[in-house]
């Protein structure tokens, strides 16, 4: 079995940046990922990535991928990692394609996935009106009435994207007021076809062949909203289940030090899957570069 210097798990901003650094260091490495871009590909308008006054998430990811592939990078796309384990001096990576790879070092940059509401009707109407990505599915709801569930930056971003497409957008937030960036909150509050329902929660999702309504609790009152799409934006869960030996916090995020080292020698982590406090594209990219430099240093010392 071939032994790589480095395996990078994930190809979002952290994983792609790590791959660029690995290529420039002439490391023998492999990238394993389910998709290219991760959460960044789901983002709408990005106005805070250095060097771009304005860029969409899909455009930025396209630039990231072009940069990565300009080095003829070995990418196993559409392959999910199911187990990472240190065996002796090497780290074994097993995937859902019944394949096993080995490396001297590994960077986990697997990001996060969307949380689910856990209410009646959610599973029944997935891909039938219930969705977790406004960028991916928003165009399907042109001229319709939709609901965005959540109150953070991802929910605000989804509401702004959908307001350009849908006839009306309800934003259902279970907190008394929005979180997220001030400028995002102000934009949503000024958008004429957006109705904000704070202190509100979804009790059930209903429909026929497709979603046609949701039942919410707003204050002490229960009421039904007639909508055709539900965009769930209530937070994210780290994709860290496949690695058991690393220390994690109570959110399931992988604990790292300032060199992106985990408690397992040779195993590094970067981006939103870690306990780094701020989840931003620019931060994930920076963490990816740090993780690769640390892996390179580890190889030099061992």
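Coordinate-derived values only; no laboratory data. Computed from a predicted structure; not experimentally measured. With ideal geometry, Cβ positions are generated from the backbone for all residues, glycine too; neighbour counts draw on all protein chains shown.
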Checking 291, 159, 103 against a Gaussian network model of the chain (alpha-carbon springs below 10 Å), the top fluctuating residue turns out to be 103
I'd like the FRET efficiency for residue 100 and residue 301, computed as 1/(1 + (r/R0)^6) with the beta carbon distance as r and R0 of 25 Å, rounded to 0.05. 0.45
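Can you pull the percent of Cα pairs in the stretch 107-152 with separation above 15 Å? Walk me through the numbers on the way to the answer.
On the way: 563 of 1035 pairs.
When all Cα pairs of the stretch 107-152 are counted, 54 percent exceed 15 Å.
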How many times 2.2 N^0.38 Å is the alpha carbon radius of gyration of the stretch 139-225? 1.05
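Round to the nearest 0.05 the FRET efficiency obtained for residue 59 and residue 89 when R0 = 51 Å and r is the Cβ-Cβ distance.
Details: r = 42 Å, r/R0 = 0.82.
It comes to 0.75.
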Quick calc, residue 208 & residue 255: beta-carbon distance into FRET formula, R0 41 Å, rounding 0.05, result 0.30
Could you state the number of Å between the C-alpha centres of the stretch 180-243 and the stretch 254-281? 31
Hey, what does the equivalent ellipsoid look like for the stretch 76-141, semi-axes from the Cα gyration tensor as sqrt of 5 times each eigenvalue, largest first, whole Å? 35, 13, 11
At a 10 Å Cβ-Cβ cut-off, how would you order 178, 226, fewest neighbours first? 226, 178
How far is helix 57-69 tilted off the main Cα axis of the chain, in degrees rounded to 10, range 0 to 90? 10
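Sort 272, 72, 199 by Cβ crowding within 10 Å, fewest neighbours at the top. Please list the in-between numbers first.
Values: 272 27, 72 8, 199 14.
The most exposed by this proxy come first: 72, 199, 272.
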Evaluated over the stretch 143-183, the Cα radius of gyration and Dmax, each in Å: 10.0, 29
Go ahead and estimate [θ] at 222 nm for the chain from helices alone: -39,500 (n - 2.57) per DSSP H run with n ≥ 4, summed, over the residue count, rounded to 500. -7000 deg cm²/dmol
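Using a ≥ b ≥ c from the Cα gyration tensor of the stretch 1-148 (square roots of the eigenvalues), is it rounded, prolate or oblate, where a/c under 1.5 gives rounded and otherwise the larger of a/b and b/c decides, a/b for prolate? Could the numbers behind the result be given before it?
On the way: a/c = 2.98, a/b = 1.51, b/c = 1.97.
Oblate, because a/c is 1.5 or more while a/b does not exceed b/c.
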Over the chain, what lengths in whole Å, largest first, do the semi-axes of the equivalent ellipsoid take, defined as the square roots of 5 times the eigenvalues of the alpha-carbon gyration tensor? 38, 20, 17
Which angle from 0 to 90°, rounded to the nearest 10, does the C-alpha axis of helix 281-301 make with the longest principal axis of the chain? 20
Would you look at the GNM of the chain, springs on alpha carbons closer than 10 Å, and say which of 281, 46, 107 moves the most? 46
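Compute the relative contact order of the stretch 26-73 as a whole-number percentage, counting only Cα pairs closer than 8 Å that sit 6 or more residues apart in sequence. All intermediate terms of the calculation are to be shown ahead of the outcome.
Numbers: 35 pairs, mean separation 16.7, N = 48.
35 percent.
Of 108, 256, 183, 36, how do they rank once you tally other Cβ atoms within 10 Å and put the fewest first? Please list the in-between numbers first.
On the way: 108 32, 256 25, 183 11, 36 22.
If I rank by nearby Cβ atoms, fewest first, I get 183, 36, 256, 108.
Full-extension gain between residue 116 and residue 201, please, as 0.36 nm times their residue separation minus the C-alpha to C-alpha distance. Don't skip to the end; give the middle numbers.
Numbers: separation 85, 0.36 × 85 = 30.60 nm, distance 1.32 nm.
The span from residue 116 to residue 201 would gain 29.3 nm if fully extended.
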Just to confirm the number: angle between the C-alpha axis of helix 153-163 and the first principal axis of the chain, 0 to 90 degrees, nearest 10? 50
